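Worksheet: the structure to be examined is printed underneath.
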Amino acid sequence: MRLSLKRLALVSTALMALTSAAAAQQTVVWWDFLAGGDGVRMKALIDGFNAEHQGEIEIQGTTLEWGTPFYTKLQTSSAIGEGPDIATYHLSRIPLAVDSGTLSEITDEDLSGAGISDADFTQAASDAGKVDGTRYAVPFDQHGLILYYNKDMLTEAGLIGDDGLPAGLDGLENFNKILADFTKDGKYGISTPTGDRYRTIYSLFGQQGGTMFDEAAGGFFPTDEDLAKLTSSIEVVKGWVDSGYTPVQVESPAALALFTSGQSPFFIMGNWEIPTFVDLHAKGELFEWGAVELPTLFENKAAWSDSHAFVVPANSGKEVDADKRAAVMKVIAWMDQHSLDWAGAGHIPAFNAVRESAEFQALKPQSDYAGFADTAVFDPRTILAGPAAPLGDAWSNFINPATTGEIEPADAAAQMRDDLNGQL
């Protein structure tokens, strides 16, 4: 049966409409390095975005291996124009990525087109996404070093305040006395894994207002005063080891077990362990616990921090598509605006409206340590910084061993300075 001209016209119009709608949908290719609980949460966010933007934007996500494999693949893929449209990144590695030409600038116009601006984020994270004032990343969270505590043990010691949080921990001499009081009967005052002690040391260095890197002033630890502050920070943690407040050598699983078994009232670790304790407590396998900012042992509040962030690779040879760029920015803005679920992993939302919301304030213990977002000390702005980078090797080669007596603190500080400056 032959179709009439009128029916043919209607069918043609319908097909054109469908073709136009299909062409209008933007596919955003996404790479991340998020595994475990982080990966599950991010997958849920991607699914939520896709469901909400069906027919408009679709994220096609791929998860790659964390660390050097991820960063190497992104750099090489971007160099030949085969990188993704968007990727997760650590803010501490932004200078290195910019130096290698991996990332595209994210302009004020890009942000405003998606309805966001620098003012929507913590200043520390916003600044860490820039190199020489040019923005290359939009922060998603801040993750950092916090103090986990056994509420039962602290209550018995009279160290829980009226607000239900630890009280009276500030001041180096005072905190050391508290650790000494708990170090008895086979128990340790504090659990801190050997391989992660550099984060505590860098936090204490920040509490003293130390400058780790100043290119114009000579590189790493540019003054004798800065080197002395690093040395004294090492000596604090080495003092905990020498006094028996914490084991000399202890790997992360054993350090975690010291805390969860009630053998130590305190555990210093990143906020990424929050889900572990939530799950244990829900199963009735953990005492009452909490987490707060690190005690202020020197002049200022400070804690080591980094951020997961979003970047736009500078795919070589590919012209910037305005519609695709707008879709990418819409993805970034949506993720930040819906980052409350991400906070379940222990991370602090970098987006102010989420972090300051009533829903986040009710989230415990995350809201109890959220203050570190404003006092965070990021890695210095240098191409040697970030995960799987030379700075991490220097911490491991010189500073962690100094806490166990293998190197004198002052020698370790000087050797670290010389090693890093030799790589500039």
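Structure notes:
- Note on the stretch 205-221: among residues that are at pLDDT 95 or above and in a loop (DSSP other than H, G, I, E, B), the one that is nearest to residue 384 (Cα to Cα) is 212.
- Against the conditions (1) without any contact (Cβ under 8 Å) to a residue 40 or more places away in the chain; (2) within 21 Å of residue 295 (Cα to Cα); (3) surrounded by fewer than 22 Cβ atoms within 10 Å (Cβ to Cβ), residue 217 satisfies every one except (2).
- Output for the stretch 262-284, where each listed residue is over 23 Å from the mean Cα position of the chain (by Cα) and touching a residue at least 12 places away in the same chain (Cβ under 8 Å): 262, 263, 264, 265, 280
- Flag for residue 316 being in a loop (DSSP other than H, G, I, E, B), hydroxyl-bearing (Ser, Thr, Tyr) and within 17 Å of the chain's Cα centre (by Cα): no
- Whenever a residue of the stretch 388-407 is without any contact (Cβ under 8 Å) to a residue 24 or more places away in the chain and farther than 26 Å from residue 70 by Cα, its partners that are surrounded by fewer than 18 Cβ atoms within 10 Å (Cβ to Cβ) and among the polar types (S, T, N, Q), lying with C-beta atoms within less than 9 angstrom and at least six residues away or across chains, give the pairs 398/415; 407/415.
Conditions tested, residue by residue: (1) in a helix (DSSP H, G or I); (2) polar (S, T, N, Q); (3) out of contact with any helix residue (DSSP H, G or I) (no Cβ under 7 Å at 6 or more places or on another chain).
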| position | (1), (2), (3) |
| --- | --- |
| 59 | no, no, no |
| 65 | no, no, yes |
| 87 | no, no, no |
| 95 | yes, no, yes |
| 105 | no, no, yes |
| 109 | yes, no, yes |
| 115 | no, no, no |
| 143 | no, no, no |
| 162 | no, no, yes |
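- Residue that is open to solvent by 10 Å² or more (accessible area, probe 1.4 Å), in a loop (DSSP other than H, G, I, E, B), under 30 Å from residue 28 (Cα atoms) and modelled with pLDDT of 95 or more, where the choices are 363, 294, 286, 340: 340
- Looking at 370, 376, just one residue is within 29 Å of residue 71 (Cβ to Cβ) and either over 20 Å from the mean Cα position of the chain (by Cα) or free of Cβ contacts under 8 Å to residues at least 24 places away in the same chain (or both), and that residue is 370.
- Single condition residue 264 does not satisfy, out of (1) modelled with pLDDT of 95 or more; (2) assigned to a helix (DSSP H, G or I): (2)
- Selection of the stretch 95-118 for residues being more than 18 Å from residue 308 (Cα to Cα) and small (Gly, Ala, Ser) yields 100, 101, 112, 113, 114, 115.
- Of the residues making up the stretch 68-82, those that are in contact (Cβ under 8 Å) with a residue 40 or more places away in the chain and exposed (fewer than 13 other Cβ atoms within 10 Å of the Cβ) are 68, 80, 81.
- Here residue 169 qualifies as aliphatic (A, V, I, L, M), open to solvent by less than 20 Å² (accessible area, probe 1.4 Å), within 21 Å of residue 190 (Cα to Cα) and touching a Leu at 6+ places or on another chain (Cβ under 9 Å).
The values are calculated or read from the model by the stated rules, or taken from the named source; none is laboratory data. These figures come from a predicted structure and were not determined experimentally. Glycine gets a Cβ as well: all are built from the backbone with ideal geometry, and neighbour counts include every protein chain shown. All accessible areas refer to the heavy atoms of the entire protein, side chains included, with ligands and DNA or RNA removed. Shrake-Rupley method; radii C 1.70, N 1.55, O 1.52, S 1.80 Å.
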